[in-house]
Amino acid sequence: MSITVDGINKRFGKFQALNNVSLDIPEGKLTALLGPSGSGKTTLLRIIAGLESADSGQISFSGQDVTGLHVRDRNIGFVFQHYALFRHMTVAQNIAFGLDSLPRKQRPSKTDIQKRVRELLELIQLPHLAQRYPAQLSGGQKQRVALARSIATQPKILLLDEPFGALDAKVRKDLRRWLRNLHDEFDFTSIFVTHDQEEALELSDQVVVMSQGQVEQVNEPIELYARPASRFVFDFLGQVNVISGQVKQGSLSQGTAWVTLPGVQHKGDAQLYLRPHEVRLATAPVAHANLPLRIEAVSLIGSEVRVELRPEGWQSEGSDNIWEVGISHAECNSQRPTRGDLRYAVPQVGHLFTGNDAQPATVNWAEAELAPRVRLIS
Amino acid sequence: MASTRARSSRSLQHRRVGDSPAIKWLLIGIAIAVTAGLLIMPLVVIFSEALSSGWSTFADNLLDQYTLHAIGLTLFVAALTVPLNLVFGVALAWLVTRFRFPGRKLLITLIDIPFAVSPVVAGLLYLLLYGRNGWIGSWLADYDIQLMFSWPGIVMVTVFVTCPFVARELIPLMQQQGSEEEEAGVVLGASGWRIFRTITLPNIKWALIYGVVLTNARAVGEFGAVSVVAGSIRGQTNTLPLHVELLYQDYNVVGAFTSASLLAGIAVFTLAAKGFVEWRQARTLIRLQAQETA
């Protein structure tokens, strides 16, 4: 079932939670609603579910208008942020609740319900916990029971509100993979809300970035990361290094620092955005850039080494005035970066924002570089 | 030197700030004295006075027709009041915890009016409104309906005086539990009644019972408001607390104490029931926590 959101507005008192939001959720896809808190993502999800009503606008499932349809009759699966398991019922009773609630004519027989509950318990790999109460389960187990409960009546649409928000990192990773498999197996149209960009990029087929009640950008994860349409999306999708300055004769400069901009005609104010993996570190300036930085900290982040640097003789955009560059362990071992060392940033791919123009221009130096290096982006 | 310091640090380990034994035992002593003097002694006196002329007098006093009528009327009033306030309390708690509307905070404050107002004042207000010369009462009198100085008046003021108990118990609990479970029920297709019966009610069960126990205790023992609207007509509008006063004024001290001992008995029973409910609630909580850590 595809979902169409058309011109939805929602106010809470004076606060405009959603401002004319329109969206197409394709059938069978896993879509992430990504945004900071207060961006309206949960409100949108609740309006799609029918738990909240919009002030104006229309929701349709497969082209059929469901705006006026009661949540009870929409047949959707909904997983709540804090699971909302019925605390006075066992796991089995929780899972059976939706089936028990069906009108008498559609309700399966008692034995069929028991059979279905057993199947779902197998699916979530918790058949031994059927008679436990929610308070006796761990966070990850509760989440799986909540999922089983929501899909017991075989809905076509599955909505999840911050499904992994309250879980620790390891469980979160396992559950993400498990949810992805479940989605592929059962052919749902799923939407999940998250504020974690990593989760959105890893898990979804399509990401909807929201900010202040509006949709900022909709795209596939890889495209979204490679080509953010606005400064907001750029900032929100992870660490970014920014130098702002004046563009003159195809080169951006600020104080003693400068970087050439091949193929850019613009003149005047501009900001250059670079992801940590789009920058290399060298011990001397190169032909296309002179961006001196002093190393502030070197920290090991799992499979990568993160180097934090402070601009030397120029200013970075942003409050902390810090650049971050990710290097591999091999590079770290050969170069031995140490706090206080001077390094030169070598941009490879960058994104230039000019004036109030929201769309950035992509700048690529790697092709121009004399000795191009192949680097695996982790 | 070193050993002194070690010793003093060891004694400090046992004692926390503000944990001085002198103050502790002083407070315990005061608490025991106050409890004995103000609570236990009077309770003992009630029963000993009631039985001062022997068991047969006690039985005679108890089986006196006016006493029996007073017992009957008191239980009748409680039997009407408790279900009324049960429904009212649940509905009110549901309203203020599940809906947002202007004046909600004000309503929560207004619930406490019966606690804040002296029961005598409450009784007078009802008399002014519903009495034969009152605003509503004079209109009702035209249809030959008399509320004051008969049992409906007693029920009305008792309902007023006891209406906060159930709501007061439920509101904090329902606020803390939130409405997510009920929302989950709706999404799963359950009807409103099914949600209330299978999700809400089991979650508030013990708080509800606790509220009912308190309502019942107050409904049985209410004196001030009832004395204003009942008129203490022996054999007609005389509840047990009013009966105690009437007998005492008749210089029938033993009779007064006999009826009083009944009320005290109900109070002791209520306390036991309340203790049991609290114990059950605590036990459920401990069991759940134990299982959570296991």
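The values are calculated or read from the model by the stated rules, or taken from the named source; none is laboratory data. Because the structure is predicted, anything quoted here is derived from the model rather than measured. Backbone-built Cβ (ideal geometry, glycine too); neighbour counts: all protein chains shown. Accessible surface areas use protein heavy atoms only, side chains included; no ligands, DNA or RNA. Shrake-Rupley method; radii C 1.70, N 1.55, O 1.52, S 1.80 Å.
Rg and Dmax, both from the Cα atoms of the range A:3-227 and both in Å, are 17.6, 53. Shielding of peptide A:95-102 by partners, expressed as the average count of other chain Cβ atoms within 10 Å per residue Cβ, is 4. Legend: mean number of C-beta atoms from other chains within 10 angstrom of residue C-beta atoms, peptide A:81-90, equals 5. Averaged per residue, the protein assembly as shown has 52 square angstrom of accessible surface, using a 1.4 angstrom probe with ligands and nucleic acids left out. Over all projection directions, the Cα-based convex hull of chain B averages an area of 26.1 nm².
Between A:S109 and A:E223, full extension at 0.36 nm per residue minus the direct alpha carbon distance yields a gain of 36.2 nm. Using a Gaussian network model of chain B in which every pair of alpha carbons under 10 angstrom is joined by a spring, one finds that among B:I195, B:I30, B:I154 the greatest mean-square fluctuation is at B:I30.
Of the two radii for the range A:1-43, the radius of gyration is 1.02 times the Kirkwood radius, both from the alpha carbons; that is the Rg over Rh value.
Spin-label model, B:A36 to A:R87: label points 7 Å out along the Cα-to-beta-carbon direction sit 4.2 nm apart. Taking the centroid of alpha carbons for each part, the range A:336-355 and the range A:39-92 are 46 Å apart. Each of the peptides B:116-123, A:196-203, A:295-302 was scored by the mean count of other Cβ atoms within 10 Å over its residues; in descending order, highest first, they stand as A:196-203, B:116-123, A:295-302. Ordering A:A17, A:F188, A:A270 by the projection of their Cα atoms onto the charge dipole of chain A, which places +1 on the Cβ of Lys and Arg and -1 on the Cβ of Asp and Glu, puts A:F188 at the extreme positive end. Distance from the alpha carbon centroid of the range A:250-282 to that of the range B:176-231 works out to 67 angstrom. When the Cα positions of A:F234, A:F80, A:H128 are compared along the charge dipole of chain A, A:H128 comes out farthest toward the positive end, with charges on each C-beta of Lys, Arg, Asp and Glu. Converting phi to 3J(HN,Hα) with the Karplus coefficients 6.51, -1.76 and 1.60 and the offset θ = phi - 60°, the range B:55-68 yields 5, 5, 4, 4, 5, 4, 4, 5, 8, 4, 4, 6, 4, 4 Hz in sequence order, with x at every glycine or proline. Taking A:S204, A:S109, A:S251 in turn, the Gaussian network model of chain A (Cα-Cα springs below 10 Å) assigns the largest fluctuation to A:S109.
Given +1 at the Cβ of Lys and Arg, -1 at the Cβ of Asp and Glu and no other charges, the dipole of chain A around its Cα centre is 1240 debye to the nearest 20.
Can you find, among A:L291, A:A148, B:L188, the residue farthest towards the positive end of the dipole of the protein assembly as shown? Put +1 on the C-beta of Lys and Arg, -1 on that of Asp and Glu. So the residue furthest toward the plus end is A:A148. For the protein assembly as shown, the Cβ-based charge dipole about the Cα centre amounts to some 1400 debye (Lys, Arg positive; Asp, Glu negative; other atoms uncharged). Only protein heavy atoms count here, probed at 1.4 Å, and on that basis chains B and A bury about 2100 Å² of accessible area in total.
Peptide B:178-186 shows a mean partner chain C-beta count of 6 within 10 Å per residue C-beta. Peptide packing: for B:170-179, A:99-108, the average count of neighbouring Cβ atoms within 10 Å per residue gives the ranking B:170-179, A:99-108, highest mean first.
If you find the alpha carbon centre of the range A:156-181 and of the range A:186-240, how far apart are they in angstrom? Answer, in whole Å: 16. When the square roots of the Cα gyration tensor eigenvalues are ordered a ≥ b ≥ c, the ratio a/c for the range A:115-170 is 1.5 or more and a/b does not exceed b/c, which makes its shape oblate.
Extents of the range A:114-241, largest first, come to 52, 28, 24 Å (Cα atoms, principal axes, whole angstrom). The alpha-carbon atoms of the range A:223-378 define a convex hull whose volume equals 118 cubic angstrom per residue. Each semi-axis of the equivalent ellipsoid for the range A:62-115 is √(5λ) with λ an eigenvalue of the Cα gyration tensor; in descending order they amount to 24, 18, 9 Å. Between A:A282 and A:N19, the simple spin-label model (points 7 angstrom out along Cα→Cβ) gives 4.4 nm.
Using C-alpha pairs under 8 Å with a sequence gap of at least 6, the mean separation divided by the residue count of chain A gives a relative contact order of 15 percent. For the protein assembly as shown, the alpha-carbon radius of gyration amounts to 1.40 times the rule-of-thumb value 2.2 N^0.38 Å expected for a compact globular protein. In this Cβ point-charge picture (+1 for Lys and Arg, -1 for Asp and Glu), the range B:121-233 has a dipole of about 220 debye about its Cα centre. Peptides B:126-138, A:56-68 ranked from most to least packed, by the mean per-residue count of other Cβ atoms within 10 Å: B:126-138, A:56-68. Computed over the Cα atoms of chain A, the ratio of the radius of gyration to the Kirkwood radius (Rg/Rh) comes to 1.07. In nm, give the distance between the simple-model label positions of A:R339 and B:F276, each being 7 Å from the Cα along the Cα-to-Cβ direction. Distance between label points: 6.8 nm.
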